[in-house]
Amino acid sequence: GGVLVGPALHHWYSFLIRLAPVQNTSGALKRLAVDQCIFAPAFIPVFFSGLQFLDGNFDMDQLRRKLKRDYKETLIANWAVWIPAMMVNFRFVPQHYQVLYSNAVGFCWNIFLSAISHK
């Protein structure tokens, strides 16, 4: 988590802030759209492969089967959790606390992802 997610979010949020520097509703919606259309779909395979690696059984064929079976369900669940959470984050949380806020929400989200990954 701290090795991969923290640095990734730091750089990603720096990009989003440059993309939409004003912290108003319009800026929050722009950040949210880019975050959930680019980062979220790309990060699910990264997470699943990272878990396999940490479990000591990384296998590309197994990862492909996992993604084929669970990707859509995981992405829909992601949007159910992260769209409201990130709207609050991008609109109301001060920028210097946004990664911390995301990590707090992400702690619960990662528990869910771990459960999905091990089913």
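A few remarks follow.
- Computed as a quarter of the hull surface, the mean projected area of the alpha carbon convex hull for the stretch 60-108 stands at 4.2 nm².
- With N counted as the residues of the stretch 24-73, its alpha-carbon radius of gyration over 2.2 N^0.38 Å works out to 1.49.
- Gyration tensor (Cα) of the chain, equivalent ellipsoid semi-axes in angstrom: 27, 14, 12
- Over the chain, dividing the summed -39,500 (n - 2.57) contributions of all DSSP H runs of at least 4 residues by the number of residues returns a 222 nm mean residue ellipticity of -26500 deg cm²/dmol.
- Portion, in percent, of the accessible area of the chain that falls on carbon or sulfur, probe 1.4 Å: 70 percent
- Cα-based helix-to-principal-axis angle, 98-117 vs the chain, degrees rounded to 10: 20 degrees
- Solvent exposure of the chain as accessible area per residue, Å², 1.4 Å probe: 59 Å²
- Sequence-distant contacts, meaning Cα pairs under 8 Å at least 6 residues apart, place the relative contact order of the chain at 34 percent.
- 0 to 90° range, to nearest 10: angle between helix 60-92 axis and the chain longest Cα axis: 20 degrees
The values are calculated or read from the model by the stated rules, or taken from the named source; none is laboratory data. All values reported here derive from a predicted model rather than from experimental measurement. Just the protein is used for accessible areas: all its heavy atoms, side chains included, with ligands, DNA and RNA removed. Shrake-Rupley method; radii C 1.70, N 1.55, O 1.52, S 1.80 Å.
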